[in-house]
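Novice: Structure in structure tokens, see below.
Bear in mind these aren't lab numbers, they're just calculated from the coordinates by the rules spelled out. Here the structure is a predicted model, which means the values were calculated and not measured. We place every Cβ from the backbone using ideal geometry, glycine too, and count neighbours over all the protein chains shown.
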Amino acid sequence: MILKDCNNGIVKFENDEYRVRVVTGLDNNVALYFKEDNGLKDMWMKNAEVSFNDSVKGLIRARCDIMIHENPGFPIMPEFWLGECEIKDVIEIVQRQQDIRVNVSLSVQFTSETADRRPFFGTIINLSAGGIYMVTSESLTIGEELTFHYTFKNTERPFRLKVLWGKLENSGANGYGLQFMNLTEGAETAIRGYVFRELREQRLRNNGGR
């Protein structure tokens, strides 16, 4: 089985993107529950690209065949459309899940390389030397590149990232997983040191300072 622990993803087909809830089955067959309608109908998506956010293996980009039809579980289940998905081929696995992560709450301003997007604020809630997970009211696109500035240790540095995947939070905010790009050795060391310090302080707080 290609997927280990995945419950959300994004389908890209004919210039459209669809957020999906993922339920894994036997072999490489997966059920995709589409969160938005976006003009869907009974249809066959052949060679669609699906980005699976797997908590164990990372972000898995795969080529898939998907049969779309009405979800027989609707309206008990919230999604009207269901896709029967067969993973045909893995394109790449891009997220470094082996990096130690820490839960944080860092509000920072992001700028996008997309020309018509203004700077916006987001909150980083998960951090590692491989990337971040952040929430924002802004709607981003997969592959979009962002920059933010932050002082993880002594020196403020610029950090570049690429949007790998997204999902809709229960609060209605947009959540995105982003990968750091072209980290210098000093920048990566600063992030790893920050993660280590935060984890140590959180353990101390949880143990009553011991």
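Novice: Please work out the Cα center distance from segment 95-152 to segment 46-85, rounded to the nearest Å.
Specialist: Cα centroid of segment 95-152 versus Cα centroid of segment 46-85: 25 Å apart.
Novice: If you put +1 on each Lys and Arg Cβ and -1 on each Asp and Glu Cβ, how big is the dipole of segment 102-206 around its Cα centre, in Debye rounded to 20? Don't skip to the answer; put the middle values down first.
Specialist: Numbers: 12 positive and 11 negative charges, 80 e Å.
Roughly 380 debye, rounded to the nearest 20.
Novice: Shifting gears a bit: Can you compute the charge dipole magnitude of the chain about its Cα centre, using +1 on each Lys and Arg Cβ and -1 on each Asp and Glu Cβ, nothing else charged? Give it in debye, rounded to the nearest 20.
Specialist: On the way: 26 positive and 29 negative charges, 236 e Å.
Taking the Cα centre of the chain as origin, the dipole is about 1140 debye.
Novice: Name the most mobile residue of Arg160, Arg200, Arg21, meaning the one with the largest mean-square fluctuation, in a Gaussian network model of the chain with Cα contacts below 10 Å.
Specialist: Arg200
Novice: If you don't mind, there's one more thing I want to ask. Mind checking segment 130-175 for GluC sites (Glu not before Pro) that DSSP puts in a loop (not H, G, I, E or B) and that have at most 13 other Cβ atoms within 10 Å? Working shown, then result.
Specialist: Numbers: sites: Glu138, Glu144, Glu145, Glu156, Glu169; in loops: Glu138, Glu144, Glu169.
Of the GluC sites (Glu not before Pro), the ones in loops of segment 130-175 whose Cβ has at most 13 other Cβ atoms within 10 Å are Glu169.
Novice: Between Thr141 and Met77, what is the FRET efficiency for a Förster distance of 25 Å, r being their Cβ-Cβ separation, to the nearest 0.05?
Specialist: Working: r = 27 Å, r/R0 = 1.09.
Efficiency at R0 = 25 Å is approximately 0.35.
Novice: Students often get this wrong, so try it: which of (1) 18.3, 67; (2) 21.7, 60; (3) 18.7, 59 is Rg and Dmax of the Cα atoms in Å as calculated from the structure shown?
Specialist: (3)
Novice: In the Gaussian network model of the chain, springs joining C-alpha atoms below 10 Å, which of Glu70, Glu185, Glu198 carries the largest mean-square fluctuation?
Specialist: Glu185
Novice: Need the list of aspartates and glutamates near Lys41 for cross-linking: C-alpha distance under 12 angstrom, and skip anything on the same chain fewer than eight residues off.
Specialist: Cα-Cα hits under 12 Å: Glu70.
Novice: To continue, here is another question. Do you know the relative contact order of segment 102-206, to the nearest whole percent, from alpha carbon pairs under 8 angstrom that are 6+ apart?
Specialist: 23 percent
Novice: Stretched out fully, how many nm does the piece from Lys88 to Glu70 gain, at 0.36 nm a residue minus the Cα gap? Walk me through the numbers before you get to the answer.
Specialist: On the way: separation 18, 0.36 × 18 = 6.48 nm, distance 2.28 nm.
Once the chain is fully extended between Lys88 and Glu70, it gains 4.2 nm.
Novice: A further question follows. Towards the positive end of the charge dipole of the chain, with charges on Cβ (+1 Lys, Arg; -1 Asp, Glu), say which of Phe13, His149, Leu59 has the farthest Cα.
Specialist: It is His149, whose Cα lies furthest towards the positive end.
Novice: For Lys162, go through the lysines and keep the ones whose alpha-carbon is under 29 Å away, minus same-chain ones fewer than eight residues off.
Specialist: Candidates past the 8-residue exclusion: Lys4, Lys12, Lys35, Lys46, Lys57, Lys88, Lys153.
Novice: A follow-up question, please. With runs of 4+ DSSP H residues as the only contributors, calculate the mean residue ellipticity of the chain at 222 nm using -39,500 (n - 2.57) per run, divided by the residue total and rounded to the nearest 500.
Specialist: On the way: 1 runs with 22 residues, N = 210.
Helix contribution divided over all residues of the chain: -3500 deg cm²/dmol.
Novice: Taking springs between alpha-carbon atoms closer than 10 angstrom, which of Asp54, Asp116, Asp37 fluctuates most in the Gaussian network model of the chain?
Specialist: Asp116
Novice: If you put +1 on each Lys and Arg Cβ and -1 on each Asp and Glu Cβ, how big is the dipole of segment 139-184 around its Cα centre, in Debye rounded to 20? Kindly include the intermediate steps, with their values, before the conclusion.
Specialist: On the way: 5 positive and 4 negative charges, 32 e Å.
Here segment 139-184 has a charge dipole of around 160 debye.
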